[in-house]
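Engineer: Dropping the structure in here first, questions after.
Derivation of every value follows stated rules applied to the coordinates shown; laboratory data play no part. The model shown is predicted, which means the values in this text are computed figures rather than measured ones. Positions of Cβ are backbone-derived with ideal geometry, glycine not excepted, and every protein chain shown enters the neighbour counts.
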Amino acid sequence: MAVNNKTYNNVIDTLCRLGQYHQQITTVSVGDIFDINIEKMEKMPLLHINPLNVTTGDAELVYNFQLFICDLVSEKENWQTYQAKELTKLLDPKNNEQQVWNQTLQICTDFISLLRHSSRQSLAGVNDINFPLYFTQDQFTIEPFSERFDNLLCGWTFNIGIKVMNDFTTCANEDGDLIPVTDLGAGY
């Protein structure tokens, strides 16, 4: 049985769909993190997908990404949560930064769980364990960040490798025919 190789577009589409259908994510973007115009974004929380590189194995590709899950911090003169009322000396009651970090960290663990256990990926009628699925098996370091733009933005970032099977066959054209390489192209 031939392996249905997953392309870069397939992997990006899968990550975008995970963000699109996650109930807490409002906006999904792809590319360099410095290309995002935070001042013009109105809908948060944001999933941003930053492509890093692709590594190869004997029969697999690992697409490596840096994911950012972030949200805007609300600032008020009298911001009070239940915890802030109890611990007024420990927490700054002027914003909800701690709650944003809590929420965005939970979203990060959702993404890891979906790809680590791959149950959501395999529900599409796939009963063959050898069928190429998207998954990850690494351990992760999830790092907090906060950036001051016109508003305070904070959240978490982590690197994730999306592993897919690949049989390393010659590329095919749109009709499914293999793209030929002449002997000259192969160095003969």
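Engineer: Which of R116, R17, R148 has the fewest other C-beta atoms within 10 Å, and how do the rest follow up to the most?
Structural biologist: R148, R17, R116
Engineer: Right, another one. Please give the peptides 105-113, 65-73, 135-143, 45-53 ranked by average Cβ packing (other Cβ atoms within 10 Å per residue), highest first, as a rough proxy for protection.
Structural biologist: Packing proxy ranking, top to bottom: 65-73, 45-53, 105-113, 135-143.
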